[in-house]
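These notes concern the structure reproduced below.
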Amino acid sequence: MTLGHDDGGSADELRPVPRIAIQAFCDTTELAETLEAAGADRRMSRAHLKVQMGGLPAAVEFYGSAPTPNLVVVESKGKAADLLGHLDGLAEVCDSGTKVMVIGHVNDVVLYRELIRRGVSEYVVMPLDMFDLIRAIGDLYGGPTAAPLGRSVAFVGAKGGCGASTVAHNVAWSVGSLYATDVLIADFDLAWGTAGLDFNQEPAQGVLEALNSPERLDDVFFDRLLTKCSDNLSILGAPAMLDRTYDQQDHDFDAVVEVARSMVPLVVLDLPHQWNGWVKRQLCEADDVMIVATPELASLRNAKSLIDTLKASRPNDAPPHLIVSMSGMPKRPEIKPEEFGKALELPIAATIPFDAAAFGNAANKGLMIGEMDAKHPAAEVFRSLAALATKREGRKTRRSALDLGPLLAKLRLPKKAS
């Protein structure tokens, strides 16, 4: 909690704010101008900040029909009862994982404790300068008790050529496009990776440089290795060259994923179709796993082996999500999706229709299906998978949206007002 102006620490000691989406709803032009100034500071250069007026009531109305970003900042000049009432309304429309910072005009410890009890991430009191705001936001995502910002979702094919990379890239693009949140694709198929091709990019550096320089692997160095594809999407490209062999050890990719997760809300791991120690480890360590399979017998057998292995290795996690790709290919005998899922004892998360022309044109132009044709059936599938990857499926999470546990754990006693 920050009661009033905080003079602790110099501006040079402020930590950079990671790649998050921030939306602020202000009651006063003073705060709006201060937030705009903070957004222009170099420490906020990675974040996407939008400032508008209207305070808490405007935020409740806005998010009734729109997804919430990583951080919502709301200002309230009203009485405590009004603030708490509007906050209950905001909780009803907040997506799971969204943090809320309340900026008030009342230096009240009792109010602070009630806000924390209701799941607010931080309560700060005006007047504030831009450095106070940057410090408060940075502490939410980089403090000693802060959890890693991002979640990792691993995509793997049940067999070669089933389109797992294409699915991963389209889902990642859809997340950035739908939710205005930053996404990173880590192309771990060192020899044959296609992330650069699919986004019409030629990464000069990427995952190999990160693997070869573990001692330098901080967020500054890591940021230099990324190739920006859009406002919300970056790739950590694979070398895709055969001038050497890539014999990585089981733990080599751990630091890369850890740094990536500290910088962006969603890390998409594009894993190669091979079986070795490090691939197995990344599948076992990911927050979610999506297995892409074609409706054929070989895919069915391989998918079962993967699912059984992951269930044994991840007994306390949800089972992997199963995606059937290239469904309905002309003249090819296929296993029906419902029979495919029944044989594996898993529901089908999505079925992607076969369309050689659409996917071929998109690949040749370095575009995603949603860019080529937002109304294409596959584009809708990728949007549904984007919701699944970000845990936004099924509309809003109710009441528990303001994630109480970690926040209560970091509750600290406020300083006595002098």
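No value in this document is a laboratory result; all are computed from the given coordinates. Everything quoted here is computed from the prediction, not taken from an experiment. For neighbour counting, all protein chains shown are included, and Cβ atoms are generated from backbone atoms with ideal geometry for every residue, glycine included.
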*Of Y141, Y112, S45, whose Cα points farthest to the positive end of the dipole of the chain (charges on the beta-carbon: +1 Lys, Arg; -1 Asp, Glu; origin at the Cα centre)?*
Y112
*Report the net charge of residues surrounding D250, where surrounding means a beta-carbon distance below 12 angstrom and charges are Lys +1, Arg +1, Asp -1, Glu -1.*
-2
*At R0 = 22 Å, FRET efficiency that the Cβ-Cβ distance of E61 and T28 yields, to 0.05*: 0.70
*Computed [θ] at 222 nm, deg cm²/dmol, the chain (DSSP H ≥ 4; -39,500 (n - 2.57); rounded to nearest 500)*: -11500 deg cm²/dmol
*Treating each Cα of region 11-146 as an identical point scatterer and ignoring solvent, apply the Debye formula and state log10 I(q)/I(0) at q = 0.11, 0.16, 0.22 Å⁻¹.*
-0.35, -0.77, -1.54
*Could you pull out every residue, at least 5 positions away or on a different chain, whose amide H is within less than 5 Å of the one on H48? Hs are placed 1.01 Å off N in the peptide plane, and Pro or chain starts have none.*
I20, A21, I22
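With a sphere of radius 10 Å drawn around the Cβ of G328, what net charge do the other residues whose Cβ falls strictly inside it have (Lys, Arg +1; Asp, Glu -1)?
Surrounding charge for G328 is -1.
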*Once label points are set 7 Å from the Cα along Cα→Cβ at both N212 and N364, what is their separation, rounded to one decimal in nm?*
3.5
*Starting at the first residue of region 199-209, write each ³J(HN,Hα) from the Karplus equation 6.51 cos²θ - 1.76 cosθ + 1.60 with θ = phi - 60°, in whole Hz, x for Gly and Pro.*
10, 6, 10, 10, x, 6, 9, x, 5, 5, 5
*Where both residues lie in the chain, what percent of DSSP beta bridges are antiparallel, nearest 5?*
5
*Between A40 and M329, what length comes free when the chain is fully extended (0.36 nm per residue of separation minus the Cα-Cα distance, one decimal in nm)?*
99.0 nm
*How big is the charge dipole of the chain about its Cα centre, in debye rounded to the nearest 20, if each Lys and Arg gets +1 on its Cβ and each Asp and Glu gets -1 on its Cβ?*
1020
*Cα atoms only, the chain: Rg and Dmax in Å?*
22.8, 80
*Ratio Rg/Rh, restricted to region 151-389 and using Cα atoms, in which Rh is the Kirkwood radius*: 0.94
_Rounded to the nearest 20 debye, what is the charge dipole size of region 151-389 about its Cα centre when +1 sits on each Lys and Arg Cβ and -1 on each Asp and Glu Cβ?_
740
*Amide H neighbours of V73 under 5 Å, at least 5 residues apart or on other chains, H built in the peptide plane: list them.*
Q23, A24, F25, M101
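Once you keep just the Cα pairs under 8 angstrom separated by 6 or more residues, what percentage relative contact order results for the chain?
The normalised contact order for the chain reaches 20 percent.
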_Per-residue HN-Hα couplings for region 218-231 [Karplus 6.51, -1.76, 1.60; θ = phi - 60°; Hz; x = Gly/Pro]_ = 10, 5, 5, 5, 4, 4, 5, 7, 7, 10, 7, 9, 7, 4
*Tell me, what are the semi-axes, in whole angstrom and largest first, of the equivalent ellipsoid of region 230-369 as set by the roots of 5 times the Cα gyration tensor eigenvalues?*
27, 22, 16
*Using θ = phi - 60° and the Karplus form 6.51 cos²θ - 1.76 cosθ + 1.60, what ³J(HN,Hα) does each residue of region 152-166 get, whole Hz, x for Gly and Pro?*
10, 10, 9, 10, 9, x, 6, 8, x, x, 8, x, 4, 5, 4
_Approximate spin-label separation L84-E202, in nm, with each point projected 7 Å along Cα-to-Cβ_ = 6.3
*Assuming R0 = 25 Å, can you tell me the calculated FRET efficiency for the pair K50 and E92, based on Cβ-Cβ distance, to the nearest 0.05?*
0.70
*Dipole size in debye (nearest 20) for region 159-221 around its Cα centre, Lys and Arg Cβ +1, Asp and Glu Cβ -1?*
280
